[in-house]
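Here is the structure we will look at.
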Amino acid sequence: VLDVDHDGLLGPADYIDGFSDAEAGGYVCGDTTATGPLAVTELTYDLSGAAFDAQNTFFPTNIASMGKLPLVVVSHGNGHNYQWYDHVGVHLASRGYVVMSHENNTVPGVESAATTTLTNTEAFLSNLATIGGGVLLDHVDRRRMTWLGHSRGGEGVVIAYDRIVDGAYVPVNFTLTDIKLVSSIAPVDFQKLPNTDPHGVNYHLWTGGSDNDVNGCASCDLCQTFHLHERATGFRQSISLHGVGHGDFHNGGGSSVATGPCLVGRPDTHKIVKGYVFPLVERYIDANVPAKDFLTRQWESFRPIGAPVSPCVVVDLMYRDGAAPGRIVLDDFQANPGLNASSLGTPIAFTVANVTEGHLDDPDTTFTHNAAQPMNSMTLNGDGTDTSAGVVFDWNNADTYYAYIDPSGGGVPVGLWKLLSFRAAQASRHPNTTAALADLTFDVTLIDVNSVTSRVNIGAYGGGIEEPYQRTSCGTGSGWAAEFETIRIPLQAFAANGSGIDLNKITVIGFEFGPSHGSAVGRIGLDQVELLLD
């Protein structure tokens, strides 16, 4: 409440910020890259002397006075060590979390890694009375847990979750609903569906563009990290980092396991990770409202205060709401496939060129441009068991469009919704992409029943659709796997520009490309065109 007349009472002269919603109109956020205010204690111990039950735990030093705190379990990758995640442990513990990183049995494979995630979570929760002399007893909230895995551990945490869903594993000290978030760092995809399935859990992916282990090339299906993200049916999000290698995500020293131009290195990677991991867990552990902005707004216009700023630091974000009443999918290119109608059956009209709809999977072994391969560089799907689809098209120095048309002619009440959301990515190594070699911008356009037109350029919300990371190999040319970014535009922005458009009677929702609307040339993949309430 803003007490304008300073009388200490709510009256006609006063304002209530955010009165029409379940949240404030604005928030002030601190530096999420910075260590929090709490002193941290670290313990390293072996629970039984048996293999794969050594643990490294971080918690606030004054935990005895803090009640029950959420738990984050970290599962390392193959060739890694459970003591290589201090940057995550200290950061989150300093902000009120308990973080346990455990020894992980990765050499046999991802199935054994899943097993040690489960057994270490159980062992930790059942030994709280003895770990550190019992300092954690009654201070760990097993009902609010996050699983974070790296590489084989990144696939392992998903397999572990799938086992509980399928009934192959029945937890003793926790339940399926206690796992509020599963997050994978550069995960492999050995097992694929049905074993590697996040189901409806809140899921998050981290991936590095210069990763020279889980490298993302078209020739290596198990090395394409986006597959796990695409299988998640609930809330899901990803953070893609150009110039970041496989080893940059841990703090064990040694090689970054990276190849490509403009390498970021471990110190700056850790700043980015710390800046995002805190809002990420806060969003799903405590339903923190402003934390969502960190997951949905483009890096160029909104990022953690202390994050590194450099031409080499490029961050792309994807975000999709879970299946909820507040989301209507206009087109996901899965239901009702075909070029002339959306997933809802809405007619589609277009003048863009070389339009192809289908699975977002590059089926050959290279990213080399091939006019006969329209899905070149698209690696969201696996080997045929995955279903993510989209449309790809291009434009070349001419004004063109791709639009959804209201078949009734009476107009759709778009004003009932808050946001228009979609995701897009540039197609790597296409001649139009290499000609522009910059962020692509274009207009999102609404037209009402009176032919009033309102346009919002996506450049207003960040840098546009990011140019591909200019890594070579995996064929000829430069440009790596297509990285999708989500763009979310408030629908009121179309009315706020003075156009006079009637948002309750919209007959066209479209995208306009070309010299009059932004980038003169380009080729993109488009997917997840949605209307949202949040």
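The values are calculated or read from the model by the stated rules, or taken from the named source; none is laboratory data. Not measured: the values here are computed from a predicted model. FYI the Cβ positions are ideal-geometry reconstructions off the backbone, even for glycines, and counts take in every protein chain you see. Ligands, DNA and RNA are excluded from the accessible area calculation, which covers all protein heavy atoms including side chains. Shrake-Rupley method; radii C 1.70, N 1.55, O 1.52, S 1.80 Å.
Please go through segment 478-494 and give me each residue that is crowded, with 20+ Cβ neighbours inside 10 Å, part of a loop (DSSP other than H, G, I, E, B) and over 17 Å from the mean Cα position of the chain (by Cα), ordered by number.
Passing the criteria: G479, W480, L491.
Starting from residues that are touching a His at 6+ places or on another chain (Cβ under 8 Å) and either surrounded by fewer than 24 Cβ atoms within 10 Å (Cβ to Cβ) or modelled with pLDDT under 95 (or both), keep the ones in segment 132-180 and report whichever is nearest to S238 (Cα to Cα).
Selected residue: D162.
Tally up the residues in segment 206-229 that are surrounded by fewer than 24 Cβ atoms within 10 Å (Cβ to Cβ) and touching a Leu at 6+ places or on another chain (Cβ under 8 Å), please.
The number of residues fulfilling the criteria is 1.
Mind counting the residues in segment 303-312 that are touching a Ser or Thr at 6+ places or on another chain (Cβ under 9 Å) and of a type in the set (A, V, I, L, M, F, W, C)?
Qualifying residue count, segment 303-312: 2.
Assess whether Y45 counts as being surrounded by fewer than 24 Cβ atoms within 10 Å (Cβ to Cβ), aromatic (F, W, Y), farther than 19 Å from L280 by Cβ and without any contact (Cβ under 8 Å) to a residue 40 or more places away in the chain.
Considered against the rule, which asks whether it is surrounded by fewer than 24 Cβ atoms within 10 Å (Cβ to Cβ), aromatic (F, W, Y), farther than 19 Å from L280 by Cβ and without any contact (Cβ under 8 Å) to a residue 40 or more places away in the chain, Y45 comes out as no.
Identify all residues within segment 232-282 that are in contact (Cβ under 8 Å) with a residue 24 or more places away in the chain, among the charged types (D, E, K, R) and touching a Lys or Arg at 6+ places or on another chain (Cβ under 9 Å); write none if there are none.
Answer for segment 232-282, where residues must be in contact (Cβ under 8 Å) with a residue 24 or more places away in the chain, among the charged types (D, E, K, R) and touching a Lys or Arg at 6+ places or on another chain (Cβ under 9 Å): R236, D248.
Suppose the filter is within 26 Å of A460 (Cα to Cα) and more than 20 Å from the chain's Cα centre (by Cα); does L330 pass it?
Considered against the rule, which asks whether it is within 26 Å of A460 (Cα to Cα) and more than 20 Å from the chain's Cα centre (by Cα), L330 comes out as yes.
Checking T115 against (1) open to solvent by 10 Å² or more (accessible area, probe 1.4 Å); (2) out of contact with any Phe, Trp or Tyr (no Cβ under 9 Å at 6 or more places or on another chain); (3) farther than 24 Å from T269 by Cα, which test does it fail?
Failed condition: (2).
Out of A64, A24, A34, A13, report the one residue that is more than 23 Å from H150 (Cα to Cα), modelled with pLDDT of 95 or more and open to solvent by 30 Å² or more (accessible area, probe 1.4 Å).
A64
Where residues in segment 361-391 are buried (at least 23 other Cβ atoms within 10 Å of the Cβ) and out of contact with any Asp or Glu (no Cβ under 8 Å at 6 or more places or on another chain), which of them is farthest from N432 (Cα to Cα)?
D362
Looking for whichever is in a strand (DSSP E or B), among the small types (G, A, S) and out of contact with any Asp or Glu (no Cβ under 6 Å at 6 or more places or on another chain) here; the options are S473, S454. Which one fits?
S454
Tally the residues that are hydroxyl-bearing (S, T, Y) and open to solvent by 10 Å² or more (accessible area, probe 1.4 Å), restricting the search to segment 408-447.
Final tally of qualifying residues: 3.
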